[in-house]
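J.: My questions will all concern the structure given below.
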Amino acid sequence: MYTRREFGQVTLGGVGAAAFGGSQLLAIDSTINGVKVGAISYCFRSIPRPAGGDYMDTLIDAFKQTGLGICELESVRVEPEPGIAGGGRIPATVTPEYTKRREELRQWRLTIPFDRFKEIRSKFDKAGIDVFGYVVTFSEDFTDAEIDRTFQLTKALGARVIGTNQTRVPMGKRLAPFADKYGIALAWHNHALVTDPTEVASVESFKNLFSISKWFKANLDIGHFVAGNNDPVAFIREYHDRISHLHLKDRKRDNGPNQPWGMGETPVADVLRLLQKERYPILAIIEYEYMGQAPAIQEVKNCVQYIKQALA
């Protein structure tokens, strides 16, 4: 533990991270033997939203219990509930109900005060947790105004990276001008469908995106990458300067299922040791996605313990 003034700066694949302000508060340091470790809010999806109060307080408590001081916050944890459409891709069949709810979400994004996002940032700051990234799926039905507003909300949140989960490769050319305008990195999250050229999944799909904008980075999900029969260690060695952060999970090859860490075919420990050895400034973000037996907080603690053992 150390003061926020001493926290310094974190570098995310070349993206500078501002130091915490205010010497009276303490930051949670979740660096493990040289590797900066955090979690995505998705890890705690099973924890219900409170009937009253602010759901952000529930998430903050989960991070504090796991001892993790780096958060990647998903838009779906911030946006209205229950289940307004538009958090993911456009469904194959667009129903009137989807259209109605999608427009409700668009209007929420266009009108929510920036102060709400500043408030969220302040809550995490006071808890000593750095919200480095905001996760948004930019589906094809986003208007330019909605894209622009999303970047503005990300700046209000103080996040330095937007994770583009499930966003398709053809959206790259539409999104590049906004990344250039706001100086915010777009970290493209991969899945496993390497046979689809519109999917972010193969090495070639990442190379294509890297060629579009200097602000385009990889949020390399090493589990999905292995499920698509790719080699995450080789990719990290070659493109470490274009990777903002990793999602750590363990899957089997040939589009196999998620597994408890160490039981799949993803070289989680080898990836962690590579970051440690080469001192790559890449964040290692836990994404607890396997079917665990314990509550989410305990399963994330188990993942933290795995990292500690791998880096000992």
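The values are calculated or read from the model by the stated rules, or taken from the named source; none is laboratory data. All values reported here derive from a predicted model rather than from experimental measurement. All Cβ positions, even for glycine, are placed from backbone atoms using ideal geometry, and neighbour counts span all protein chains on display. Please note that ligands, DNA and RNA were not included when accessible areas were found on the heavy atoms of the full protein model with its side chains. Shrake-Rupley method; radii C 1.70, N 1.55, O 1.52, S 1.80 Å.
J.: Cα to Cα, under 18 Å, and not fewer than 8 places away if on the same chain: which aspartates and glutamates meet these conditions relative to residue 249?
T.: 72, 74, 221, 231, 265, 270, 287, 289, 299
J.: Could you run the Karplus curve 6.51 cos²θ - 1.76 cosθ + 1.60 with θ = phi - 60° over the range 301-309 and give me ³J(HN,Hα) per residue in whole Hz, x for Gly and Pro?
T.: Coupling constants for the range 301-309: 4, 5, 5, 4, 5, 4, 5, 4, 5 Hz.
J.: What does the charge count around residue 279 come to, taking other residues whose C-beta lies under 15 Å from its C-beta (Lys +1, Arg +1, Asp -1, Glu -1)?
T.: Neighbourhood net charge equals +2.
J.: Rolling a 1.4 angstrom probe over the protein heavy atoms, how many square angstrom per residue are accessible across the chain?
T.: 42 Å²
J.: A further question follows. Could you state the number of Å between the C-alpha centres of the range 237-312 and the range 152-194?
T.: 22 Å
J.: Turning to a different aspect of this structure: Mean projection of the alpha-carbon convex hull of the chain over all orientations, in nm²?
T.: Averaged projected hull area, Cα only: 15.4 nm².
J.: So what is the relative contact order of the chain, in percent, for Cα pairs below 8 Å that sit 6 or more residues apart?
T.: Value for the chain: 19 percent.
J.: I've got another one for you. Based on the alpha carbons, how large is the Rg to Rh ratio for the range 43-129 when Rh follows Kirkwood?
T.: With Rh from the inverse mean 1/r over Cα pairs, Rg/Rh is 1.02.
J.: Can you list residues from other chains, or at least 5 along the same chain, whose modelled amide H is less than 5 Å from the amide H of residue 187?
T.: Excluding prolines and chain starts, which carry no amide H, the hits are 162, 163, 164, 217.
J.: Step by step: find N for the range 146-259, compute 2.2 N^0.38 Å, then divide the Cα radius of gyration by it. What's the final number?
T.: Compared with the compact-globule rule of thumb, the range 146-259 sits at 1.05.
J.: A follow-up question, please. Where does the Debye-calculated log10 I(q)/I(0) of the range 86-159 sit at q = 0.17, 0.20, 0.21, 0.24 Å⁻¹, using only Cα point scatterers of equal weight, no solvent?
T.: Treating every Cα as an identical point scatterer, log10 I(q)/I(0) equals -0.70, -0.88, -0.93, -1.09.
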